[in-house]
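A quick write-up on the structure given underneath.
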Amino acid sequence: MAGLFKILIVDDDDDYRETYKMLLKKKGYSIDAAASAEEAYEMLNKDYYSLIISDIMMPGKSGVEFLKDVKEKYSKNIELIMVTGYGSVETAVQSMKIGAFGYFIKSHNPEELIIEIEKVKKIFSLNNVNELNKNNMKSKFLYTSKNKEMRNVYDLVIRVAESNSNVLITGESGAGKEIIANMIHDKSDRANMPFIPINCQYYSSNLIESELFGHEKGAFTGAEHRRIGHLEEANGGTIFLDEIGDMEEPIQIKLLRVLETKQIERMGSNKLINVNFRLISATNKDLKRAVSEEKFREDLYFRINTIEIKIPPLRNRKEDLEDMINFFINRFNKEMGKKIIGIDENTRNQLLNYDYPGNIRELKNIIERLVVLSDGEIIRGEIYNSERDTGRSNKYNDLDITSYKEAKRNFEINYIIGVLKECNNNITHAAKLMDISRRQLFNKIIEYNLKDSI
């Protein structure tokens, strides 16, 4: 059975555990087993199981008590089929009332159990599709998770969204910090107002000052018109400062003052303008260390870090891979007009077993590449460009190294698209940020055929 539909068998009888394991593994299921409810709890803390097949009569905590605990903690995320050797209809009915999906009597034909398992599998597949469709309707992001740590993050987001407190989101590059920032905004009472993301890595000190605070006509050479800054544009909404750890100290000082006074001054003006925005910041750096090394202001750190949300890397939440893969395939299907309906098993296994050092961003890029290169309804192909990508080899003769010219071309394309996106595809503004002429930028767009990408 493809995917991450895993089954946990809980039974104190060694023979029955081994019999179930052998039977279900032959049917292609991924199986783990526990000899007691207590052992099962430990396994549930480490892994995700779509289905638990539990004996009712066990020493220590009974199967019925175990069922109650699992349903209370995991609700609809885990289904249970209860097993009894005594054929007690009364106990089985009690289990169904508590929330068991079904029950199986040990003396009956094992095919009955297989049929029940297949029912659970179909329901989970349907629920996943419905959840994906619901999320696609609401947003370009996937706001669901089977991972315990990530579900705690989402629970925290719901509570945080109700406040106006400043939030600092931490985690590795590509782990989904902007997704969480969007979720906080979407769940807040500011949802109908602007959400403005700014990547602090893109700008030098003087450029980011203009981006954040705006400027008056004539404030500096080239300032031919008044410009409203993002802090003013976001009035009533949310500002997301990504990679705030790269912000230079003069801007840190100005930002701190804005957070304290709720007022800004455009460059070239001494007029104070009231602003009302929610600040969400993000970084993949250790800001505490940056503070101790005097690379980041301590007063600003405490101001932006009212609440910290830590995002786990994708390699620690592999139970989410199946949904993410389907989500991105569905997304690129729509964007590219493809009709992909599935993934070749070898390709799927690669996707599910890779560690993704680039996290969600890397997964998204891999899926996009596979969809682009797909010439049919089934995705097939190697997810790695070379041995280097898997981290399994450091031999130069094993690497698929591109030429310097090709690497430079790829960098320019990605850089131009990234800056244009930040500038809402305003070529004049983008050229100014890149410190090149508008004509130079326009020529690059024509050279790399980027007109359809902006």
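Just so it is clear, none of the values below were taken in a lab; they were calculated from the coordinates. It should be emphasised that the depicted structure is a prediction, and the values quoted were computed from it without experimental measurement. Note that we place each Cβ from the backbone using ideal geometry, even for glycine, and neighbour counts take in every protein chain shown.
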For the charge dipole of the range 1-51, defined by +1 on Lys and Arg C-beta atoms and -1 on Asp and Glu C-beta atoms about the Cα centroid, which residue among Tyr41, Ser30, Val10 has the Cα displaced farthest towards the positive pole?
-> Ser30
For the Ile123, Ser163 Cβ pair and Förster radius 41 Å, calculated FRET efficiency rounded to 0.05 is 0.65
Would you please put 261-272, 363-374 in order of how densely packed they are, using the mean number of other Cβ atoms within 10 angstrom per residue and starting with the highest?
-> 363-374, 261-272
At a Förster distance of 35 Å, what's the computed FRET efficiency of Ala191 paired with Asn346, Cβ-Cβ distance as r, to 0.05?
-> 0.25
Sequence-distant or interchain residues sharing an amide H contact under 5 Å with Lys310, placed H: which?
-> Thr170
Taking Cα atoms, the helix 89-98 axis meets the longest principal axis of the chain at an angle in degrees (rounded to 10) of 10 degrees
Filter the cross-link list Lys61/Lys106; Lys119/Lys146; Lys46/Lys318; Lys177/Lys421; Lys339/Lys408; Lys6/Lys97 down to pairs whose alpha-carbon distance in this structure exceeds 22 Å.
-> Lys339/Lys408; Lys6/Lys97
Each residue of the range 64-72 in turn: what ³J(HN,Hα) in whole Hz from Karplus with 6.51, -1.76, 1.60 and θ = phi - 60°, glycine and Pro shown as x?
-> 5, 5, 4, 4, 4, 4, 5, 5, 5
Which ³J(HN,Hα) values, rounded to whole Hz and listed in residue order, are derived for the range 430-447 from phi using the Karplus coefficients 6.51, -1.76 and 1.60 in 6.51 cos²θ - 1.76 cosθ + 1.60 with θ = phi - 60°, glycine and proline given as x?
-> 4, 4, 5, 5, 7, 6, 10, 6, 4, 5, 4, 5, 4, 5, 5, 4, 5, 4
As a check on your grasp of the helix formula, calculate [θ] at 222 nm for the chain: sum -39500 (n - 2.57) over DSSP H runs of n ≥ 4, divide by the residue count, round to the nearest 500.
-> -15000 deg cm²/dmol
So, in Å, what gap is there between the alpha-carbon centers of the range 315-342 and the range 32-78?
-> 30 Å
What angle, in degrees between 0 and 90 and rounded to the nearest 10, separates the Cα long axis of helix 321-336 from the longest principal axis of the Cα atoms of the chain?
-> 50 degrees
Run through the DSSP bridge list for the chain and note the antiparallel percent, rounded to the nearest 5.
-> 10 percent
Between helix 14-26 and the chain: long-axis angle, C-alpha atoms, 0 to 90°, nearest 10 | 60 degrees
Dipole magnitude (debye, nearest 20) for the chain, charges at Cβ of Lys, Arg, Asp, Glu = 1500 debye
For Phe195, list long-range residues whose amide hydrogen, built 1.01 Å from N in the peptide plane, is under 5 Å from its own amide hydrogen.
-> Thr238
Calculate, in nm to one decimal, what Thr428 and Glu38 gain on full extension: separation in residues at 0.36 nm each, minus their alpha carbon distance.
-> 134.0 nm
In the range 148-312, with Lys and Arg counted as +1 and Asp and Glu as -1 at Cβ, which of these residues, Gly218, Ile251, Asn270, has the Cα nearest the positive end of the dipole, that is, farthest along it?
-> Asn270
Hey, got the dipole for the range 163-285? About the Cα centre, +1 on K and R Cβ, -1 on D and E Cβ, debye to the nearest 20?
-> 380 debye
Given H placed on each backbone N at 1.01 Å, which residues far from Ile52 in sequence or on other chains put an amide H within less than 5 Å of it?
-> Leu8, Glu79, Leu80, Ile81
